Amino acid sequence: MAGMLMKVLCSVVACMVVSAPYAEAAITCGLVVTKMLPCLAYLRNGGAVPVPCCSGVKSLNAAAQTTPNRKAACVCLKNAYTSYPGIKTNYAISLPGKCGVNIPYKLSPSTDCTKVQ
């Protein structure tokens, strides 16, 4: 009986160790770029927002439901401004509203991501 209890206990501990790194922010910059890439033409030139762009914005918003995830997404979005030149701030700021999404911060290079809740 004690041997079985030890096996169960070891299994539980192993699961906790494996899952612990995923308890924090699950948003990565790779995910942000993948979801936002369909928006690049709009972010540079304006015009109609492509459907895949809004799908990505909605998906990213759904993934960023915790403060650590929102902060991580904010940092990644700010980095995108330098990685993808030509993004116009006014188009970026208007994008969530055009996709019917409410994001608690502006998609702007001047946003202070440390203050994102």
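The values are calculated or read from the model by the stated rules, or taken from the named source; none is laboratory data. Not measured: the values here are computed from a predicted model. Cβ: placed from backbone, ideal geometry, glycine included. Neighbour counts: every protein chain shown. We work out accessible area using only protein heavy atoms, side chains counted, and drop any ligands, DNA or RNA first. Shrake-Rupley method; radii C 1.70, N 1.55, O 1.52, S 1.80 Å.
Ignoring ligands, DNA and RNA, how do Thr66, Thr111, Thr82 rank by accessible area with a 1.4 Å probe, largest first?
On the way: Thr66 65, Thr111 20, Thr82 115 Å².
Descending order: Thr82, Thr66, Thr111.
How do Leu37, Leu60 stack up against each other in accessible area, from largest to smallest, with a 1.4 angstrom probe?
Leu37, Leu60
Would you calculate the separation in nanometres between label points at Asp112 and Thr89, each defined as 7 Å from the Cα along the Cα-to-beta-carbon direction?
Reported label-point gap for Asp112 and Thr89 is 1.6 nm.
May I ask you to list the trypsin sites (Lys or Arg not before Pro) in the range 40-90 that are in a DSSP loop and have at most 14 other Cβ atoms within 10 Å of their Cβ?
Lys88
Give, as a single signed number, the net charge of other residues whose beta carbon lies under 11 Å from the beta carbon of Ala63, with Lys and Arg counted +1 and Asp and Glu -1.
The answer is +3.
Can you sort Ile87, Ile93 by 1.4 Å-probe accessible area, starting with the largest? Can you show the working numbers first?
Values: Ile87 30, Ile93 70 Å².
The ordering from most to least exposed comes out as Ile93, Ile87.
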